[in-house]
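To start, the structure under review is shown below, and the notes come after it.
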Amino acid sequence: MDGITAVLAGAAAAVGAGLYYGTKRVVDKSKVRLVAAPLSGDKSDGCVRAIIEANCPSLVDPSQARLVPTPYLLNGMVHTIYCSTVALKKDSSSNIKYEREMRIMSDKGTVSLDWYPGRGGDSESTTPVVIVVTGLGGSSYEYHVRSLAKYLATKTNSKMRVVVANHRGCGRTPLTSSRLYNAYDTSDLADVVDYIAQCFPKAPIGCVGYSMGANLLVRYLGERGDNTPLTAAVGVSSPFDASLTGRSMSKPGFLNDNVFQPAVMSTLKRTVMRNLDMIQSGTIKYDIDAIMKAKRVSELDNELTAKTYGFKDCWEYYAAGSTIESVDNIKRPFLDISACDDPITPAAGIPLARIEKNPYTAVALVEYGGHIGFFTGLSPRIWVLKPIAEFLDAALVKSAE
């Protein structure tokens, strides 16, 4: 028995040591890496680093600035898939009810605006308004969006008013024009921003974009420069290099081929079928059979999105949709939060050198989190909510003072 006991004790010690050193390695790599322009001599209020260092302990305080991932979400793709599987989850952090408003665009297309806790009608209000722009196929009903809306409205100092802008045909928004949304055209976002600024002229306005929504946000900020009603903005899992994103999403892999792509494609195809008559009502002739047989986002973009906007194929569309150069012209405090293990928008696509040269831009990089996931804790909770809230609370409230 003594020999067996010794063997078992040795095995337990080995397992314990493996768990300890494995956990220690993960924790050691979990620290936030902040990339931003250095502080100027006068620590200008417009410098993003100054805002973050003074107001965002979750990004700079050594005791808080880390994301230790949920241990059973083994890698970035698992984080990403988990994010999509809990999309309709309801719990105390996400149980909200929106107030919906329809906004008609210049081409008669429709964008729905979902307000939380409500739109309100006081044009004199100084309560900050935060616009949320969702990703490809996303909507206000997704768990991470509902969780963010409730967090900003209830746990920030300024108790922000949140409005989620659902893309054409998404989130039960009727498609009233043959033109769908994409990662390139910022006209709908510009309309929504201007409209909200008109409704609440005294309120500071922020914006949070997820994935493709973040790409639109970066492009919009670059196009507008200093001529935008937005006060500050945050991107989560921003693509920047859309061509790299396209290649990453098309990369063969068991989880990508059998879980992630089928889930995304199912959502996109439902949108197409639900709005097929309207899509076909325009002058462009689509191969609907090829669209419905598409197994990857790039194949659908090739048959639908690229044709809609006059590109020869999806790769020309992705190249046009990239926002690397847009970073140079951003003139509002902008923070991107991305994970190094993101399988969809790889960290290699982040233009770190450009971001570090522009005092209005910063990136908070974490080792783990996948695409939009960022789950931490044994019972997974979304880590990015706190840094987003800290940053917007500081940038928006300071502007109103």
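The values are calculated or read from the model by the stated rules, or taken from the named source; none is laboratory data. These numbers were taken from a predicted model, which means no experiment stands behind them. Ideal geometry is used to build each Cβ from the backbone, glycine not excepted, and the neighbour counts take in all protein chains shown. With ligands, DNA and RNA removed, areas are computed over all heavy atoms of the protein, side chains included. Shrake-Rupley method; radii C 1.70, N 1.55, O 1.52, S 1.80 Å.
When residues of segment 44-98 are filtered for being assigned to a loop (DSSP other than H, G, I, E, B) and of a type in the set (Lys, Arg), how many remain?
Of all residues in segment 44-98, those assigned to a loop (DSSP other than H, G, I, E, B) come to 44-47, 56, 61-65, 67-68, 70-75, 86-98.
Narrowing further to those that are of a type in the set (Lys, Arg): 89-90, 97.
The number of residues fulfilling the criteria is 3.
Just for segment 211-246: of the residues that are more than 14 Å from Ala190 (Cβ to Cβ) and part of a loop (DSSP other than H, G, I, E, B), which one is most open to solvent (accessible area, probe 1.4 Å)?
Asp226
In contact (Cβ under 8 Å) with a residue 24 or more places away in the chain, assigned to a helix (DSSP H, G or I) and open to solvent by 60 Å² or more (accessible area, probe 1.4 Å): which single residue out of Met249, Met265, Met278 fits that description?
Met278
Under 7 Å between Cβ atoms, at least 6 apart or on separate chains: pull out the pairs that start in segment 59-75 with a residue that is of a type outside the set (Val, Ile, Thr) and end on any residue that is open to solvent by 50 Å² or more (accessible area, probe 1.4 Å).
The qualifying pairs are Ala65/Lys31; Arg66/Lys31; Leu73/Tyr82.
Can you pull out the residues in segment 17-69 that are among the hydroxyl-bearing types (Ser, Thr, Tyr) and modelled with pLDDT of 70 or more?
Kept after step one, since they are among the hydroxyl-bearing types (Ser, Thr, Tyr), are these residues of segment 17-69: 20-21, 23, 30, 40, 44, 58, 63.
If the condition is that a residue be among the hydroxyl-bearing types (Ser, Thr, Tyr) and modelled with pLDDT of 70 or more, then Ser30, Ser40, Ser58, Ser63 are the ones that fit.
Out of Asp328, Asp393, Asp301, which single residue is in a helix (DSSP H, G or I) and open to solvent by 50 Å² or more (accessible area, probe 1.4 Å)?
Details: Asp393 fails: open to solvent by 50 Å² or more (accessible area, probe 1.4 Å); Asp301 fails: open to solvent by 50 Å² or more (accessible area, probe 1.4 Å).
None of the others qualify; the one that does is Asp328.
Output the number of the condition that Ala353 fails; it satisfies all remaining conditions of (1) touching a residue at least 24 places away in the same chain (Cβ under 8 Å); (2) closer than 21 Å to Gly225 by Cα; (3) of a type outside the set (Ser, Thr, Tyr).
(1)
Is it the case, given these coordinates, that Ala306 is of a type in the set (A, V, I, L, M, F, W, C), open to solvent by 40 Å² or more (accessible area, probe 1.4 Å), without any contact (Cβ under 8 Å) to a residue 12 or more places away in the chain and not in a loop (DSSP other than H, G, I, E, B)?
Details: of a type in the set (A, V, I, L, M, F, W, C): yes; open to solvent by 40 Å² or more (accessible area, probe 1.4 Å): no; without any contact (Cβ under 8 Å) to a residue 12 or more places away in the chain: yes; not in a loop (DSSP other than H, G, I, E, B): yes.
Here the answer is no, as Ala306 does not meet what is asked.
Give me the pairs: first residue in segment 149-164 and without any contact (Cβ under 8 Å) to a residue 40 or more places away in the chain and open to solvent by 30 Å² or more (accessible area, probe 1.4 Å), second residue of a type in the set (Ser, Thr, Tyr) and not in a strand (DSSP E or B), beta-carbon distance under 9 Å, and six or more apart or on different chains, which are they?
The qualifying pairs are Lys159/Thr127.
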